[in-house]
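Scroll down for the structure; my scribbles are underneath it.
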Amino acid sequence: MNNPLASILCITYNHEKFIRLCLESLVSQECDFDFEILIHDDASTDGTQAIIKEFQQKYPDIVKPILQTENQWSKKASGINLRFNYPRAKGKYIALCEGDDYWIGNDKLQKQVAFLENNPEYSMICSAYNLVSEEGIKSIVKKGIVSAEKEDDNGFYFDLGDLIKHWFARPSTALITNLSDKAKILEDYESPFDVHLFYHILKTKKGYYSKEILAGYNRHNGGVYSGRSPQELLLAHYYIFKEIYEKDKNKFIREQYLELSYKLINLRVSGLMPSSKIQTPELKAKIVTARKVYKDIKPILKTKNERNRLYKSLIPLQLKILKGKAVNLIFNK
């Protein structure tokens, strides 16, 4: 298949329980155009790779895997999709589906491609989804998070600021236009993630959120980000937004960068972010002190409220809790 209109990017790691449903939902898409499925398995230790090989043999012109023998995430904690799948994508459009997720409906891809084809002022479309966990299935449909004039019964359109503020786009629901100079743009970053990709996609055009449920998202303890502590995820997100802001000075990215900085400072001051919580080698080498974060963000603060947020972040969380308990004790006697 030399000229697919859409490229589906899929990343997997120890997804034996989920990958068959995922791939069945992808290969069953009924479209009036060609598409390819680019899979990267990060050296799974279960039966994930065997299932991928089964689909590759059955659909050799569509399923195109990279089956690692050594885990890449442990060596460099950055976007596997953008490093291994995205550079080989031939499609005009890029769809995402992680190996523990799945698509709902055999026309999901057709609908989203048709939308972007018919609406050139948009560069991205995403949708509602089902959250699947041990407690059951819960429909996640976003409403009322953008200004009223942007929304109707079917969905809403959004800009970069809307997405950065709320981050409602689940990657496995998304279809985006392929960046024309993807390699140059993404190579500018030390550790590119989907955030970097969505950021550049929405810098010049808007996106659309459909309230139709088009994907299922499995919440579980395993997977590509297996074992990630909240502290490790916070540190990774801090570096993502710091890097983007330092390159582009975007006001929406700046707000998120500051929010993450305040949290990081407070956790470090409170002793709630010990080095033992950071296991990924790349991140372990980049553990940052509260003093360093403080020095980095102090010169870019513009308002009294931002400066107050910074100073409050220096108060250990334990003291804030004790103060709250003392106030309740005094006034609620």
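For a quick check, take a GNM of the chain with Cα springs below 10 Å and name the residue from SER25, SER210, SER229 with the largest mean-square fluctuation. Judging by the Gaussian network model, the answer is SER229. Couplings 3J(HN,Hα) of region 310-318, computed from phi: 5, 5, 5, 5, 7, 7, x, 4, 4 Hz, in residue order, whole Hz [Karplus 6.51 cos²θ - 1.76 cosθ + 1.60, θ = phi - 60°; x for Gly and Pro]. Round to the nearest 0.05 the FRET efficiency obtained for GLN318 and LYS286 when R0 = 25 Å and r is the Cβ-Cβ distance. For R0 = 25 Å, the calculated efficiency reads 0.45. Look at (1) 172; (2) 153; (3) 124: the one that is volume of the Cα convex hull per residue in Å³ derived from this structure is (1).
The share of accessible area on the chain that comes from carbon and sulfur is 51 percent, using a 1.4 angstrom probe.
Taking the Cα centre of the chain as origin, sum charge times position over the Cβ atoms of Lys and Arg (+1) and Asp and Glu (-1), and report the length of that vector in debye to the nearest 20. Don't jump to the answer; show the numbers that get you there.
On the way: 50 positive and 41 negative charges, 499 e Å.
The dipole of the chain has a size of about 2400 debye.
Under the convention that each Lys and Arg Cβ holds +1 and each Asp and Glu Cβ holds -1, the size of the dipole of region 1-72 around its Cα centre is about 140 debye.
Taking other residues whose beta carbon is less than 10 angstrom from the beta carbon of ASP61, and scoring Lys, Arg as +1 and Asp, Glu as -1, yields -1. Charging the Cβ of each Asp and Glu at -1 and of each Lys and Arg at +1, and nothing else, the dipole of region 75-228 about its Cα centre rounds to 420 debye.
Provide the per residue accessible area, probe 1.4 Å, for region 158-309, rounded to a whole number of square angstrom. Mind dumping the intermediate values first?
On the way: 7220 Å² over 152 residues.
Heavy-atom SASA per residue in region 158-309 reads 48 Å².
In this structure the amide hydrogen of GLY155, modeled in the peptide plane, comes within under 5 Å of the amide hydrogens of LYS211, none closer than 5 places in sequence on its chain. Taking a Cβ cut-off of under 12 Å around ILE287, the surrounding Lys, Arg, Asp and Glu residues balance to a net charge of +3, with basic ones at +1 and acidic ones at -1. Between region 8-59 and region 142-213, the alpha-carbon centres lie 24 Å apart. FRET efficiency for the pair ARG219 and VAL27, taken as 1/(1 + (r/R0)^6) with r the Cβ-Cβ distance and R0 = 22 Å, rounds to 0.35. Each residue, SER133 and ASN106, gets one label point 7 Å from its Cα in the Cβ direction; the gap between the two is 3.3 nm. In the full protein context, region 89-154 carries 48 Å² of accessible surface per residue, based on a 1.4 Å probe and ignoring ligands, DNA and RNA. Distance from the Cα centroid of region 60-100 to that of region 272-310 is 31 Å (rounded to whole angstrom).
Backbone phi angles across region 274-289, fed through the Karplus curve with coefficients 6.51, -1.76 and 1.60 (θ = phi - 60°), yield HN-Hα couplings of x, 4, 5, 7, 10, 10, 4, x, 4, 6, 4, 6, 10, 4, 10, 7 Hz in residue order; Gly and Pro are listed as x.
For the chain, the residue among GLN256, GLY207, CYS126 whose Cα projects farthest onto the positive side of the dipole built from Cβ charges is GLN256.
Using the Cβ of GLU121 as centre and a radius below 9 Å, the other residues enclosed give a net charge of +2, where K and R count +1 and D and E count -1.
According to a simple spin-label model (label point 7 Å from Cα along Cα-to-Cβ), what is the distance in nm between ASP296 and ASN3? It is 4.7 nm.
The values are calculated or read from the model by the stated rules, or taken from the named source; none is laboratory data. Because the structure is predicted, anything quoted here is derived from the model rather than measured. No Cβ is skipped: glycine too gets one built from the backbone with ideal geometry, and neighbour counts run over all protein chains shown. The accessibility values were calculated without ligands, DNA or RNA, using every heavy atom of the protein model including side chains. Shrake-Rupley method; radii C 1.70, N 1.55, O 1.52, S 1.80 Å.
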